[in-house]
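Visitor: Below is a structure I'd like to ask you about.
The values are calculated or read from the model by the stated rules, or taken from the named source; none is laboratory data. From a predicted model like this one, the values you see are computed outputs, not experimental measurements. Here the Cβ is made from the backbone with ideal geometry for all residues, glycine too, and neighbour counts use every protein chain on show.
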Amino acid sequence: MASTCTYKLSYFPITALGEPIRATFKLAGIPLEDERIPGVQWKDLKPTLPAGSQMPILHVTSGGSTQLLFQSRAVLRFIGSIGSYEGSKLYPEDPMTRYYCDEVIEMVEDVRPLFVSTFAIEDQAEKEAARLALVQPGAKMHAGFVKLNERLGKFPFAAGDKPTIADAYAVMVLYIFQQPTFLDGFPDDTFKDMPNITALKDRFCSLPPLKEYYSSAEGIRQPFKVA
């Protein structure tokens, strides 16, 4: 299917839920048009889409017809099902390996939404303090990170000895909670005592297609650049 279709990703010019998709396309060697839409432009675009639509959106074009795919994790699994790295599907076909893959993705999702309520805090200093508190020892997000760090010590990659979409999701999503990031308030040492998280990031981003992709990364993508 990948060879007969063209793909375009529409998402904000940040990392967050779009970056695992970008990284998976790159790892699979599937060409992707990466459309980065500023927030102002999204306000104009959103009314033209089906009610309730959110980015990221994957445009899949084949034979002159385009289908829009929504829901970031469903999109990620779709790409992983058609894309491979060194002969292995990025969304594993073996049921147990697929379970390990989904397990890590869901563990990340146990943690990620815990910061969302901070967007409603209008005072900037209060917002930053609330986010900092979330990743301190004993806080809910910190507890989730500790659990993930322990789980990620089980295999070289998230689901075994080969990379999968779970690595893309864990690395790219977790690192929005450590500076440099587009989210104010999170510190630059969130994962200082979590060696399995940092090791996975370095191992995953050292894979040749990703090492090349992020070789000139700056700003919020700088953590994905490896020596």
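Visitor: Any residue in region 70-93 that is within 20 Å of ARG112 (Cβ to Cβ) and assigned by TED's automatic domain parsing to the domain that holds ALA28 sitting within a Cβ distance under 8 Å of a residue that is surrounded by fewer than 17 Cβ atoms within 10 Å (Cβ to Cβ) and at pLDDT below 95? List the pairs, counting only those 6 or more apart or interchain.
Guide: PHE70/SER53; PHE70/GLN54
Visitor: Taking region 194-227 only, how many residues are of a type outside the set (Gly, Ala, Ser), loosely packed, with under 13 Cβ neighbours inside 10 Å and in a loop (DSSP other than H, G, I, E, B)?
Guide: Residues meeting the conditions: 1.
Visitor: Take region 36-56 and flag every residue that is β-branched (Val, Ile, Thr) and either farther than 17 Å from LEU69 by Cα or touching a residue at least 60 places away in the same chain (Cβ under 8 Å) (or both).
Guide: If the condition is that a residue be β-branched (Val, Ile, Thr) and either farther than 17 Å from LEU69 by Cα or touching a residue at least 60 places away in the same chain (Cβ under 8 Å) (or both), then VAL40 is the only one that fits.
Visitor: Same structure again: With LYS140, LYS147 as the choices, which residue is assigned by TED's automatic domain parsing to the domain that holds VAL173, basic (Lys, Arg), closer than 21 Å to ALA16 by Cα and modelled with pLDDT under 95?
Guide: Answer to the selection: LYS140.
Visitor: Ok, one more. Among the residues of region 164-192, count how many are without any contact (Cβ under 8 Å) to a residue 24 or more places away in the chain and acidic (Asp, Glu).
Guide: 2
Visitor: Restricting to region 122-163, what's the tally of residues that are assigned to a loop (DSSP other than H, G, I, E, B) and either free of Cβ contacts under 8 Å to residues at least 60 places away in the same chain or farther than 28 Å from GLU93 by Cβ (or both)?
Guide: 14
Visitor: Scanning for something farther than 21 Å from THR97 by Cβ and not in a helix (DSSP H, G or I), does region 164-176 turn up at least one residue?
Guide: No, the conditions are met nowhere in region 164-176.
Visitor: Also, I was wondering about something else. Name the residues in region 5-33 that are basic (Lys, Arg) and under 19 Å from TYR85 (Cβ atoms), would you?
Guide: Once the filter is applied, which keeps residues that are basic (Lys, Arg) and under 19 Å from TYR85 (Cβ atoms), region 5-33 yields ARG22, LYS26.
Visitor: Sticking with this one: Which members of region 95-137 meet the condition of being farther than 21 Å from THR198 by Cβ and either modelled with pLDDT under 95 or charged (D, E, K, R) (or both)?
Guide: ARG98, ASP102, GLU106, GLU122, ASP123, GLU126, LYS127, GLU128, listed by residue number.
Visitor: Restricting region 22-51 to residues that are of a type in the set (Val, Ile, Thr) and farther than 19 Å from THR4 by Cα, which is farthest from the chain's Cα centre (by Cα)?
Guide: Selected residue: THR48.
Visitor: Out of the helices (runs of 4 or more DSSP H) lying entirely within region 16-90, which hold 2 or more residues that are exposed (fewer than 15 other Cβ atoms within 10 Å of the Cβ) and out of contact with any His (no Cβ under 8 Å at 6 or more places or on another chain)?
Guide: Helices (runs of 4 or more DSSP H) meeting the threshold: 39-45.
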